[in-house]
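Inspection log for the structure reproduced underneath, given as structure tokens.
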Amino acid sequence: MRATYGLLLVEFAAYVALFPFSNMTIDHLGFSTSGLLRGQFWTPLTSMFVHVDLYHLAFNLLFLYVFGTALEDKIGAKKTLGIFLVGGIVSLFIGIPFYPVDTRIVGASIAVSALLGAVMVLNPTVKSSVLLLYLPLGLVALIYVIFNLFMLIYDQGGGVAWPSHIIGFALGVVIGLSRRQREHHESLIHSDDSLTP
């Protein structure tokens, strides 16, 4: 089974199961600095599976499906799942200075942003779905990060974790570049081995 399909299923199942308890869910499963200091050590993981409403969930599932499957085709299920989880968790910690200590952050978008960054480096020319007008995923990822930068500057009302989206994207780019460099290095080694008499 594809890791992306598994993530989609878990995200949707979590939304359905937790929806009747939305306020309590955000308080206990959403990530915040104050919660972490009070011992809610599980929230960097659980926050990625909590969504405010159906629109929030649908948007994240769309991008998770499109970019997750594209990345999985390139690097496999385990590495894609790793980028999703590591990208989401590490980005939350890096983003701590950008929010008041009691701000609760929920949603898969930060982890999905890491997938976008990785795809932009590793598989940018693959075409997206009809829902994204069949644009190359590298172009969609670029539009996404530019939009987030614009909103970070001009959206003074808050309510969306724009800084963490950008951090997640940047982390995905770094992971993608590291993997591409490692693959290039390995190909050079194999090439040298083939020339050895």
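The sole residue among Thr69, Thr80 that is touching an Asp or Glu at 6+ places or on another chain (Cβ under 6 Å), assigned to a helix (DSSP H, G or I) and closer than 19 Å to Leu8 by Cα is Thr80.
Mind listing whichever residues of the stretch 36-49 are out of contact with any strand residue (DSSP E or B) (no Cβ under 9 Å at 6 or more places or on another chain) and in a loop (DSSP other than H, G, I, E, B)? Passing the criteria: Arg38, Gly39, Phe41, Trp42. Entry remark, the stretch 101-120: residues being hydrophobic (A, V, I, L, M, F, W, C) and either over 16 Å from the mean Cα position of the chain (by Cα) or over 15 Å from Ile166 (Cα atoms) (or both) number 2 in total. Which members of the stretch 70-101 meet the condition of being over 23 Å from Leu139 (Cα atoms) and of a type outside the set (A, V, I, L, M, F, W, C)? Scanning the stretch 70-101 gives Lys78, Gly82, Gly95, Pro97, Tyr99, Pro100.
Once the stretch 114-161 is narrowed to residues that are of a type in the set (A, V, I, L, M, F, W, C) and in a loop (DSSP other than H, G, I, E, B), the residue that is modelled with the lowest pLDDT is Leu133. Of all residues in the stretch 55-90, those that are of a type in the set (S, T, N, Q) and within 22 Å of Val16 (Cβ to Cβ) total 1. For the stretch 10-29, a residue qualifies if it is surrounded by 12 or more Cβ atoms within 10 Å (Cβ to Cβ) and of a type in the set (A, V, I, L, M, F, W, C), and the qualifying residues are Val10, Phe12, Ala14, Leu18, Phe19, Phe21, Ile26, Leu29.
Cβ separations smaller than 6 Å between residues 6+ apart or across chains give the following pairs from the stretch 1-16 residues that are in contact (Cβ under 8 Å) with a residue 40 or more places away in the chain to residues that are buried (at least 19 other Cβ atoms within 10 Å of the Cβ) and not in a helix (DSSP H, G or I): Glu11/Ala108; Tyr15/His51. Once the stretch 124-174 is narrowed to residues that are among the hydroxyl-bearing types (Ser, Thr, Tyr) and under 18 Å from the mean Cα position of the chain (by Cα), the residue that is surrounded by the most Cβ atoms within 10 Å (Cβ to Cβ) is Ser164.
Okay, residues lined up against (1) touching a residue at least 60 places away in the same chain (Cβ under 8 Å); (2) small (Gly, Ala, Ser):
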{"site": "Tyr134", "(1), (2)": "no, no"}
{"site": "Ile153", "(1), (2)": "no, no"}
{"site": "Ser164", "(1), (2)": "yes, yes"}
{"site": "Leu171", "(1), (2)": "yes, no"}
{"site": "Val174", "(1), (2)": "no, no"}
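Being of a type outside the set (Lys, Arg), modelled with pLDDT of 95 or more, more than 16 Å from Ser113 (Cα to Cα) and not in a helix (DSSP H, G or I) is a condition met by at least one residue of the stretch 19-31. Would you confirm whether any residue within the stretch 78-100 is under 13 Å from the mean Cα position of the chain (by Cα), among the polar types (S, T, N, Q) and over 27 Å from Val130 (Cβ atoms)? Within the stretch 78-100, one or more residues are under 13 Å from the mean Cα position of the chain (by Cα), among the polar types (S, T, N, Q) and over 27 Å from Val130 (Cβ atoms). Regarding Ser32, is this residue more than 30 Å from Gln181 (Cβ to Cβ), crowded, with 21+ Cβ neighbours inside 10 Å and hydroxyl-bearing (Ser, Thr, Tyr)? Against the criterion (more than 30 Å from Gln181 (Cβ to Cβ), crowded, with 21+ Cβ neighbours inside 10 Å and hydroxyl-bearing (Ser, Thr, Tyr)), Ser32 qualifies. With respect to Ile110, determine if the residue is of a type outside the set (Phe, Trp, Tyr) and over 20 Å from Phe147 (Cβ atoms). When the stated conditions are applied, Ile110 does not pass them.
The values are calculated or read from the model by the stated rules, or taken from the named source; none is laboratory data. Small disclaimer: the values here were computed from a predicted structure and weren't measured. As a convention, Cβ positions derive from the backbone with ideal geometry for all residues, glycine included, and neighbour counts pool all protein chains shown.
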